[in-house]
Structure formats: structure tokens, C-alpha cells
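This report refers to the structure that appears directly beneath it.
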Amino acid sequence: MIQDYLKAGYPALYIITQDIYRAQRKLPEELSGWRALFWDCCIGIHDCNLRQVDEILDPVEAINYLNNLRDTILIFHNLHLFINQDSPNPSLVQALQNGIKVWKALGSCLIIISPDYRLCKELDKLFTIIDYPLPDSDELFDLQCAIAPKNIRPNRKAAYSGALGLTEFEAENSYAMSLVKKGYFSTQEVSKAKAQILKKAGLLELHKPAKFSELGGLKSLKDYIINRSKAITSDDPHLPKPKAFLLVGVPGTGKSLACKAVASILNWQLVRLDIGALKGSLVGESERKIRQATRIIDNMQNLVVWADEIEKQFAGVNSGISDGGSSAGMFSHFLTWMQETTSRLLIVATANNISQLPPE
């Protein structure tokens, strides 16, 4: 993926990833034909084995260092902290602007690795943004094989259903803790690492699924979920796969319990998406938070997403006046995400009064 940009002569790339260590390790493997160097403000310029190449700690000098190198990739760690939107370093911005044409002529490239996008408008058009994916199930299974003792067999199901959405570092820690506590690779123990992600982000709540036997009545819903469970959890594109349910009824009829029970029969984790809790006081904060929440959901996969009393969550969407239009912006992203997401998940929403829902 990265190599295509380099062959096309792109001189500046901005890679967004939560898995910094994995990206730093794997990028040189993808860059055959280019020399890969790294910079951070503590070590200076070094190779992939942490052998120091130059003691340059100043970021401006490090950027200028690339001006004399041909077919070289210089990967910067945490450079975004020096050039954020609020107070960018003028010398740093100018060094980057001056270097772009030089690097393009030399066949070299500067790459910034960051967990989120933080570039000032002066550099916005010069960098190409690339989302670097988290480890897939095969990589997670290989990680299990690498750390498993000889007497313990790796568990592919634990790798796929439990650890998807974790960084390589988080997955390795959760696997190690699973071996210490259980003596094998436990999906339950690995899932606790996901709970930590949600707790740190503060955008979603992890809930314990309820047993399907606890749900009284609603036989049609039960039968439908049981019959469609294979289609919902399968990767087969030919099986009809529902994306979302809306449960409508007066309070006390078991709608929330039904959401929890659906997660139980699918054997998936249950997260509660509270739209109201994502709303912020600053302009654009609400929209940013819901984008971040849906990104976390897409990364984790194998989830039942519970949106309780959804008509109240998006109150004010029709008018767009009461909150400056932030509800309308959040609602627009939510609809687009529901339509476009390809992740393995099921959205289950509840409502007391369907007449209060926006027509969309």
C-alpha cells in the first residue's frame, strides 16, 4: 500500500494509526528499494534496529537532513505535536514546505506517524493521509503462536472474536494475562482488554449480555434472531444480513433486555452508544466524538451496538436550532455510517414513541 505512493513520487505521507510500534516495525518491510530511517526527539535519527545514525534531536534539522538523501524514507514519531493546528512551529512548517519539492526530485519521502490528524492548514494540502489498519485475525493468531508455550495450543477463535480491534501491543498483553490467569487463550480474558479501550475513550459503555431465557414473550423476535444468527455472524456475502433492528413500545415492555439478549445468542459483546453523552459544548466537538465512537466500533467488530431511546438521543434534529445544528450533524454521520459500514456488527435501537423519530 505505502509502496504505491512512493513509486508515484509522493514526498509527504501522514499515517494515522493507534498501533505505533507495529507500524514502525512493518513499514520498512513494505518499502523494498528505499532506505528506511526513523526520528524521535530522544534518540535522533536511527535505523529500524535503534542504531543511531545521527544525533540530530531538533525536528527542523531532522527535516533538513532528508534534503541530501536519495531514495530514503524518514519516518517521524510524534512530529505532529510540534505542528498542531493551534500553535504550529513556524520554522518547522517552513522546513516542511521547502523540503517537499526537494524530496520529490530525490525520490525520498517524509512520513509522519500519529494516532490522529493534527496538521495546520499551511501543510494540509501537502500531505496525503493514510489509515494504517489494526492487526487482522491472521496476524493476531500468528502473535498467539509466537508467545504460546509448547504445551498450549493457540486458539484461532480467541484471536478473531476476542482481539480484533486491539493494537498488537494490547493483544500481546491480553494474551499473556490470559495465559497467567487461565492457562490458555481465553476469549473472555482478551475481551477485558476491549473494556479498557472503551473505558479510556469514554465514548461507549460495555454491558454484560443477558441470557435469552430471561426475556419473556417476544417469541417472533427470538425466532427471527435464532434463525438469522448464522447469517449475521457469517462472512458469506450471499446470506441476507440485517444491519439493524428498531424495537418500539411503551416503557417496561423489555426492549432494553431484548437488546442484551440478542448479544447473548450471537455470543457477541454488547456496547451502549449514548448519543447524548457524546454531545460537547465546543463547536464541532459532538461531531468529532461520534466519528471517534463509530471508528472504535468498526475496529472492534463482532459487536451488538445498543442505542437506547433513540428518539430522545436525536431530539432537535428536525429543527436544527436548539443546539446549533450539532444534533443534525451527528445524525447525518450516524445514518451514513449505518449505511456504509462493512464491519461485522448489529445495531439494536429502542424507541418509546416512533412519531418523534426523524423521517430518515
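The values are calculated or read from the model by the stated rules, or taken from the named source; none is laboratory data. The structure displayed is predicted, hence computed values, not measured ones. All Cβ positions, even for glycine, are placed from backbone atoms using ideal geometry, and neighbour counts span all protein chains on display. The accessibility values were calculated without ligands, DNA or RNA, using every heavy atom of the protein model including side chains. Shrake-Rupley method; radii C 1.70, N 1.55, O 1.52, S 1.80 Å.
Some observations on this one:
- Given charges at beta-carbon only (K, R positive; D, E negative), |dipole| of the chain in Debye: 1280
- √(5λ) per eigenvalue of the Cα gyration tensor, the chain, largest first, Å: 43, 27, 16
- For the chain, modelled as a GNM whose springs connect Cα atoms under 10 angstrom apart, the maximal fluctuation among K260, K150, K181 occurs at K150.
- Once the Kirkwood radius over Cα pairs is known for the range 224-275, the Stokes-Einstein relation at 25 °C and 0.890 mPa s delivers a diffusion coefficient of 196 µm²/s.
- Where F314, F212 fall by accessible area, highest first, once all protein chains stay in place (1.4 Å): F212, F314
- Of L126, S186, W103, farthest towards positive along the dipole that unit charges on Lys, Arg, Asp, Glu beta carbons give the chain: S186
- With respect to the chain, whose longest principal axis is taken over its alpha-carbon atoms, helix 168-182 is tilted by about 50°.
- At the residue level, E205 shows approximately 80 square angstrom of accessible surface with a 1.4 angstrom probe and all protein chains present.
- Sequence-distant aspartates and glutamates (8 or more away, or on other chains) whose Cα lies within less than 20 Å of K150: D138, E139, D142, E172
- Alpha carbon Rg of the range 105-167, scaled by the compact-globule rule 2.2 N^0.38 Å: 1.73
- In plain terms, the C-alpha convex hull of the range 5-90 casts an average shadow of 6.2 nm² when viewed from every direction.
- The chain: calculated mean residue ellipticity at 222 nm from DSSP helix runs of at least 4, using -39500 (n - 2.57): -12500 deg cm²/dmol
- Placing L257, L31 in order of accessible area, with the largest value first and a 1.4 Å probe, yields L257, L31.
- About its Cα centre, the range 9-139 has a charge dipole of approximately 440 debye under the convention of +1 per Lys or Arg Cβ and -1 per Asp or Glu Cβ, with nothing else charged.
- Within the full protein context, the accessible area of R51 is estimated at about 140 Å² for a probe radius of 1.4 Å.
- Start at zero, step by 5 Å, and the Cα-Cα distances of the range 168-220 spread as 4, 18, 19, 15, 15, 12, 9, 5, 3 percent across the bins.
- R22, R344, R288, R228, ranked by accessible area, largest first (probe 1.4 Å): R288, R228, R344, R22
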